[in-house]
């Protein structure tokens, strides 16, 4: 019997291609690497047994009528790195998302409920602070109506989440033209990382 069994997680996956394009581009610039995985929030897990389909349906039914709000930069540090992120909630009732979240490594009675999309994870604390201030100044506020819940596995012998959805490609120009993000946001992000 393996001491490191496969673990199962529930992801909230963002399916709006334009939002994914912007967030993928930002995390690629900030981390100076290309990400192949899609934009997601880990909502539940890790489980050591497969997750039942009817549980997934129940959880999705609690949030499917909501829009997802991606806004408000945050930052925290752990032993090995600094993490910069955008907070995620349901736009019309933030308790909907809280009701379905259960992360066994971060129990709600000890940790704040803080669903998020990581845009930077690294050892450079100075850069992390710059990115955090940049995101606060940009005041990104995105509302997403296209999302789904998915199950992913991690296996210690393989890459973490090897079968995750590929990064979606869209057009950030539509977000710029609608005033949801400022023009040249990616140019300013690159300058920040290079400075």
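Here are a few things to note about the model shown:
- Once the Cα atoms are used to define both axes, helix 185-194 deviates from the longest principal axis of the chain by about 90 degrees.
- Between residue 102 and residue 80, the contour length at 0.36 nm per residue exceeds the Cα-Cα span by 5.5 nm.
- Modelled label positions at residue 174 and residue 65, each set 7 Å beyond Cα in the direction of Cβ, lie 2.6 nm from each other.
- Here the gap between residue 6 and residue 138, fully extended at 0.36 nm per residue and compared with their Cα-Cα distance, gives a gain of 43.6 nm.
- Taking each DSSP H run with n ≥ 4 as -39500 (n - 2.57) and averaging over every residue of the chain yields -9500 deg cm²/dmol at 222 nm.
- Relative to its residue count, the chain spans a Cα convex hull of 131 Å³ per residue.
- By average C-beta atoms within 10 angstrom, highest first, the peptides 173-180, 80-87: 80-87, 173-180
Since every read-out is calculated from the coordinates, none of them should be taken as a lab result. Quick caveat, the model's predicted, so the values are computed rather than measured. Positions of Cβ are backbone-derived with ideal geometry, glycine not excepted, and every protein chain shown enters the neighbour counts.
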